[in-house]
Amino acid sequence: MREAKQEQGQAGLAEMSGQETAGSTSADQQVKPARKRLSRYQRSENAPSMIMMERDKQVVTAVWEHRFLRRDQIERLFFTQTSACNKRLMRLFQYGYLERIFKPVVFGGCQAIYALDKAGAELVARELGVASSTIKWKRKNRVDTLFMDHTLAVSEFYVNLVCLIRRMPDTRLVFWKRESKELQDRVSDPEGKRKYLTIAPDAFFCVETPQGKSYFFLEADMGTTTLGRFRNKIIAYRQYWKTGKFTEKHGYKGFRVITIAEGEKRLENLERVTREAGGRNMFIFLKQDSEVLNSDDLFWV
């Protein structure tokens, strides 16, 4: 009897110490099969469950507003940890809120680019209180590489702008408007070479500091516009201000034009053409990289 009790006690001590004992059928000792890793490119029927969070709604809405956003851009806007960002984006992709696009590359891999998908369009419609048919998204995800790069360049400027403003006390982004028919306008050609010149910025935004509000148009140059056409843009923006059409349409007194471009040589050529066309302090030129917008002595400070 004593021997039986000793054996029972030893078995109990073994269980408490985490040691396996003969005949044990504890659930803790059953090995669970590892979950199969989800594909980056295809949706799975066995995707983990998802509870829609407020931040998820903000991510989906931002992707719709900007049309395309890279994974790192979404992370900088909404997350503090890469792992958390990847986890939520995987859920939003698996459940049809976002579409994943991968640009072809010669070597190595590339990070995902996100666009709106069907469930995301329905979510945005509910958030805005409009019919889902008014949320344009389906066919717009199929675009050529140059157009996507241009859109992402504008998005990159926006992300860096937001990140910079977060570090600046008493400064806020009052509004940001992407390219649209609402922003397009016409002005007369002062040189008389054509009936009119077109105003078609890639974005229009306002930043407020303790010194007041400043208004900016954004032009993203991808190196495909001839210098002659760029010269016409400079003349058009000058006319937009001189004739008062800007104030008439938008209700503000003045503005500046920011042009972002790749490469020092391209920037030098654009600045030279601007000077020759009479453009001076109204025009600002920046490289398409994060370092420029991360400086603490940016133009309006």
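At-a-glance table
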read-out: Contact order normalised by residue count of region 47-142, Cα under 8 Å, 6+ apart, percent; value: 28
read-out: Surrounding net charge for Glu65, when Lys and Arg each add one and Asp and Glu each subtract one, Cβ distance under 11 Å; value: +3
read-out: Least to most buried among Val154, Val162 (fewest other Cβ within 10 Å first); value: Val162, Val154
read-out: Between region 45-94 and region 229-258, the Cα center-to-center distance that results, in Å; value: 37
read-out: √(5λ) per eigenvalue of the Cα gyration tensor, region 150-216, largest first, Å; value: 30, 15, 9
read-out: 25 Å Cα-Cα threshold exceeded, pairs from Lys177/Lys242; Lys103/Lys181; Lys213/Lys245; Lys181/Lys249; Lys136/Lys195; value: Lys103/Lys181; Lys136/Lys195
read-out: Positive minus negative residues near Lys245 (Lys, Arg vs Asp, Glu; Cβ under 11 Å); value: +1
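Bear in mind that the values in this text are calculations on the coordinates, not laboratory data. Nothing here was measured: the structure is a model prediction, and the numbers come from that model. Using ideal geometry, Cβ is built from the backbone for each residue, glycine included, and neighbour counts are taken over all protein chains shown.
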